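One structure below.
The values are calculated or read from the model by the stated rules, or taken from the named source; none is laboratory data. Just so it is clear, the model here is predicted, and its values are computed rather than measured. No Cβ is skipped: glycine too gets one built from the backbone with ideal geometry, and neighbour counts run over all protein chains shown. Accessible surface areas use protein heavy atoms only, side chains included; no ligands, DNA or RNA. Shrake-Rupley method; radii C 1.70, N 1.55, O 1.52, S 1.80 Å.
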Amino acid sequence: MKLLLSTPSLVHAAHCQNVLEAAGIRADLRNTWLAGAMGDIPFRESAPQVWLIDDEREAEAWEVLHAAANPAPGPRWACASCGEWHDAQFGSCWQCGAPRQP
Ligand SMILES: [Zn+2]
């Protein structure tokens, strides 16, 4: 387990975890319940964190996150199963796991 990033935004942390999981990289979300205590304990320890399960996939994880922040050219697509929208680089739905339909 390795701390990949911490962010003041739980939404951002959850998004990063979703992006990683969608790419097949296992990640854990931590400190999702501590946000209310911010100010009482140091930020680094209270901010939502994304932890990498497989340490050796860190470089790959950052590649995936950077790709998500700078979407590949191409149309976004909607999941045929649940209707969730995805950027072009994703091959399957992060929400329900359904593969992208051609
Ligand atoms: Zn879906």
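The residues in segment 57-85 that are assigned to a strand (DSSP E or B) and open to solvent by less than 60 Å² (accessible area, probe 1.4 Å) can be counted, and the count is 2.
Scanning segment 69-85 for residues that are in contact (Cβ under 8 Å) with a residue 12 or more places away in the chain and more than 11 Å from the ligand (Cβ to nearest atom) yields Pro71, Ala72, Pro73, Gly74, Pro75, Arg76.
Of the residues Ala23, Ala61, Ala69, the single one that is within 30 Å of Ala98 (Cβ to Cβ), aliphatic (A, V, I, L, M) and modelled with pLDDT under 90 is Ala69. Scanning segment 86-102 for residues that are under 15 Å from Asn18 (Cβ atoms), near the ligand (Cβ under 10 Å from one of its atoms) and surrounded by fewer than 13 Cβ atoms within 10 Å (Cβ to Cβ) returns Cys96, Gly97.
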